[in-house]
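**Student:** This is the structure I have questions about; it appears just below.
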Amino acid sequence: MNQYQLVVIGAGPGGYVAAIRAAQLGLKTAVIENRDVGGTCLNRGCIPTKALLHASEVYRQAKEAYSLGVDILQASYQMDRIHEKKEKVVLQLRGGVEQLFKANKIDLIRGSAAILAPHKVSVTGGENSLLTTDHILIATGSVPSCPPIPGIDLPGVVSSDQILEGDPIDYKSLVIIGGGVIGVEFATFYQNLGCEVAIIEAMDRLLPTMDREISQNLGMILKKRGGSIHTGARVEKITKQDGMLFCHFTQNGQEYSVQAQGILVAVGRRPNTKGLFGSEVSIQMDRGRIVTENDFSTSLPNIWAIGDVTSSVQLAHLASAQGIAAAERIAGHQSSVDLSVVPSCIYTDPEIASVGLSADEAKAQGIAVQTGKFLMAANGKTIIEGKDRGFIKVVCDAESGVLLGAQLMCARATDLIGEFANGITNHLTAEQMRRVIRPHPTFSEAITEAFEDIEGRAIHIAPKRKPAK
Ligand code: NAD
């Protein structure tokens, strides 16, 4: 029987980062994984989708290059080759994770883990074995939710996993059920390639948890590119006729249907705990999620859990940060990361990113705020790149000026957001955020301008005109 100090179940961005940190702190560590290392993020999520999005963006830019004075005759794409490139990126990064395991002397055990008792883990369906360990860290992630819609099992109705891991399909028309993060990113990818996209969203707007202005802007942009967006819609059933799929839904009491070559179901992800616990083990759960305390302990001694299997915020970078903190806790150290501020990014065009509180959220919490806004139409780099629709909004405490939140919809928003996450984590004020020299010409200059707007000293924003008498 193999003896470890820590057995991590799941080699996604939560599990593999935790294992490496634990090994760095001197724990004899094993990781058990029944699919490829890297988890959803690397194999069926963040990385492959961004590889697809990058290729489709290059194609769309090539088609629009004429306006820059550049002639690209007959830009075209091959879906097989776009997926091949995506696979290469995934393989390269997967190899990197396996290398890190070796370098840190972590045993990677292939197979499915089941927790038989607080110190006992069995591995089956691979390198079958029985492990004993001081601690177990569950990092098994999540899997796509499959709502009970009649017809959801019809061929051609797929999840994001199937699009990313299955045979590449060059959809000419696609219905997406769910206008959340996965829905709008896939809508962007397929629209870039000229596919006709319809989104059916249950709530009253796309990205219902995002800033309202961002949702509305995105809806307009997707429509302008030919998409049809149906919000406040309830999907009733899916049918198939003559090779086409029909998605039937009701909206304001009226019945509608949209047809397409394929239907992507993107209505959220549920915690992955299938087969994880032996019959003798009972752990506290809430709606399928493993319940954890702030220190990642579960209801069972020496069993810890992190990432999507525990949290309603399902983000790779949060799981990784939790992995570091959990490994440090298990090894008896203080946490070296701040988990209180979690940025979120959406890879549409323009990109969307948000961190901390929006003005509406602050208001709901009774916090008086001052806000600043900069429209990217006045940013030089934005005009050069023709990405004129977008903005940066900042929210600061009215009294202290401390930064509380930022919402961005602009080119490179997913990179710029790091500066705001830093500002909020370190309690910087609007004045401290504004006084930094940012290089010119860049998108990041807009950050200065958004804070200047708070102080009423904006330079590139046209002064508000007094209404005519
Ligand atoms: P989500 O929760 O972001 O969106 C699901 C959407 O589906 C919601 O808007 C919801 O109202 C809608 N919905 C639910 N049931 C419906 C129904 N029957 N009919 C129509 N609409 C319905 O979930 P997701 O987009 O599936 O993503 C899953 C998780 O993965 C999320 O937590 C997300 O944050 C994460 N993710 C993150 C990124 C990123 O960080 N860029 C990218 C992809 C996924």
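**Student:** Provide a single number: the residues in segment 364-381 that are open to solvent by less than 70 Å² (accessible area, probe 1.4 Å) and under 13 Å from Val394 (Cβ atoms).
**Tutor:** 5
**Student:** Right, next: Just for segment 342-363: of the residues that are closer than 11 Å to Asp211 by Cβ and of a type in the set (Asp, Glu), which one is surrounded by the fewest Cβ atoms within 10 Å (Cβ to Cβ)?
**Tutor:** Asp360
**Student:** Further question on the same structure: Could you list, in sequence order, the residues of segment 400-415 that are within 15 Å of the ligand (Cβ to nearest atom) and either surrounded by fewer than 22 Cβ atoms within 10 Å (Cβ to Cβ) or farther than 22 Å from Ala362 by Cα (or both)?
**Tutor:** Arg412, Thr414, Asp415
**Student:** Hey, another quick one. Pick out the one residue from Ile367, Ile383, Ile324 that is over 22 Å from the mean Cα position of the chain (by Cα) and assigned to a helix (DSSP H, G or I).
**Tutor:** Values: Ile367 fails: assigned to a helix (DSSP H, G or I); Ile324 fails: over 22 Å from the mean Cα position of the chain (by Cα).
Going through Ile367, Ile383, Ile324 in turn, just one is over 22 Å from the mean Cα position of the chain (by Cα) and assigned to a helix (DSSP H, G or I): Ile383.
**Student:** Every residue in segment 389-399 that is out of contact with any strand residue (DSSP E or B) (no Cβ under 7 Å at 6 or more places or on another chain) and at pLDDT 95 or above, please. Break it down stepwise before answering.
**Tutor:** Step one: filter segment 389-399 for residues out of contact with any strand residue (DSSP E or B) (no Cβ under 7 Å at 6 or more places or on another chain), giving 389, 399.
The answer is Glu399, and nothing else.
**Student:** Okay, moving on. Taking segment 291-314 as the region of interest, how many residues are closer than 27 Å to Met203 by Cβ, touching a Lys or Arg at 6+ places or on another chain (Cβ under 8 Å) and loosely packed, with under 13 Cβ neighbours inside 10 Å? Walk me through how you get there before you give the answer.
**Tutor:** Restricting attention to segment 291-314, the residues satisfying the condition of being closer than 27 Å to Met203 by Cβ are 291, 307-314.
After this cut, where a residue has to be touching a Lys or Arg at 6+ places or on another chain (Cβ under 8 Å) as well, the list is 308-312, 314.
In the following step, the residues that additionally are loosely packed, with under 13 Cβ neighbours inside 10 Å were identified as 312.
Number satisfying all stated conditions: 1.
**Student:** Which one is nearest to Leu154 (Cα to Cα) among residues in segment 202-249 that are open to solvent by less than 30 Å² (accessible area, probe 1.4 Å) and in contact with a Phe, Trp or Tyr (Cβ under 8 Å, 6 or more places away or on another chain)?
**Tutor:** Ile238
This table checks each residue for (1) in contact with a Lys or Arg (Cβ under 7 Å, 6 or more places away or on another chain); (2) at pLDDT below 95; (3) surrounded by fewer than 18 Cβ atoms within 10 Å (Cβ to Cβ).
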| position | (1), (2), (3) |
| --- | --- |
| Met1 | no, yes, yes |
| Ala11 | no, no, no |
| Leu25 | no, no, yes |
| Arg44 | no, no, no |
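**Student:** Can you find a residue in segment 166-179 that is loosely packed, with under 15 Cβ neighbours inside 10 Å, closer than 30 Å to Gly14 by Cα and more than 12 Å from the ligand (Cβ to nearest atom)?
**Tutor:** Among the residues of segment 166-179, at least one is loosely packed, with under 15 Cβ neighbours inside 10 Å, closer than 30 Å to Gly14 by Cα and more than 12 Å from the ligand (Cβ to nearest atom), which makes the answer yes.
**Student:** With the condition kept exactly as written, say whether any residue in segment 59-74 is under 25 Å from Glu165 (Cβ atoms), at pLDDT 95 or above and among the small types (Gly, Ala, Ser).
**Tutor:** No - not one qualifying residue is present in segment 59-74.
**Student:** Could I ask something else about it? Are there any pairs with C-beta distances below 7 angstrom linking a residue in segment 115-130 that is touching a residue at least 40 places away in the same chain (Cβ under 8 Å) to a residue that is of a type in the set (Phe, Trp, Tyr) and open to solvent by 30 Å² or more (accessible area, probe 1.4 Å), with the two at least 6 apart or on different chains, and if so which?
**Tutor:** Pairs found: Ile115/Phe277.
**Student:** Moving on. Does segment 323-340 include one or more residues that are aliphatic (A, V, I, L, M), within 14 Å of the ligand (Cβ to nearest atom) and out of contact with any His (no Cβ under 9 Å at 6 or more places or on another chain)? Please lay out each step first, then the result.
**Tutor:** Of all residues in segment 323-340, those aliphatic (A, V, I, L, M) come to 324-327, 330-331, 337, 339.
Adding the requirement that they be within 14 Å of the ligand (Cβ to nearest atom) leaves none.
Scanning segment 323-340, I find no residue that is aliphatic (A, V, I, L, M), within 14 Å of the ligand (Cβ to nearest atom) and out of contact with any His (no Cβ under 9 Å at 6 or more places or on another chain), so the answer is no.
**Student:** Now, a different point. Could you tell me which numbered condition Gly96 fails, if it satisfies all but one of (1) under 17 Å from Glu57 (Cα atoms); (2) in a helix (DSSP H, G or I)?
**Tutor:** Of everything listed in (1) under 17 Å from Glu57 (Cα atoms); (2) in a helix (DSSP H, G or I), Gly96 misses just condition (1).
**Student:** I need a count of the residues in segment 184-221 that are over 19 Å from the mean Cα position of the chain (by Cα), among the acidic types (Asp, Glu) and within 12 Å of the ligand (Cβ to nearest atom).
**Tutor:** Number satisfying all stated conditions: 1.
**Student:** Tell me which residues, restricted to segment 272-290, are of a type in the set (A, V, I, L, M, F, W, C) and open to solvent by less than 50 Å² (accessible area, probe 1.4 Å).
**Tutor:** Leu276, Phe277, Val281, Ile283, Ile290
**Student:** Could you tell me which of the residues Pro155, Pro144 is under 23 Å from the mean Cα position of the chain (by Cα) and either buried (at least 23 other Cβ atoms within 10 Å of the Cβ) or touching a residue at least 24 places away in the same chain (Cβ under 8 Å) (or both)? Give the derivation first.
**Tutor:** Working: Pro155 fails: under 23 Å from the mean Cα position of the chain (by Cα).
Sole residue among the options that is under 23 Å from the mean Cα position of the chain (by Cα) and either buried (at least 23 other Cβ atoms within 10 Å of the Cβ) or touching a residue at least 24 places away in the same chain (Cβ under 8 Å) (or both): Pro144.
The values are calculated or read from the model by the stated rules, or taken from the named source; none is laboratory data. Everything numeric here is computed off the predicted structure, so don't read it as measured data. Because the Cβ atoms are built from the backbone with ideal geometry, glycine has one as well, and the counts that use them run over all protein chains shown. The protein model used for the area step is the full one, side chains on, heavy atoms only, and it has no ligands, DNA or RNA in it. Shrake-Rupley method; radii C 1.70, N 1.55, O 1.52, S 1.80 Å.
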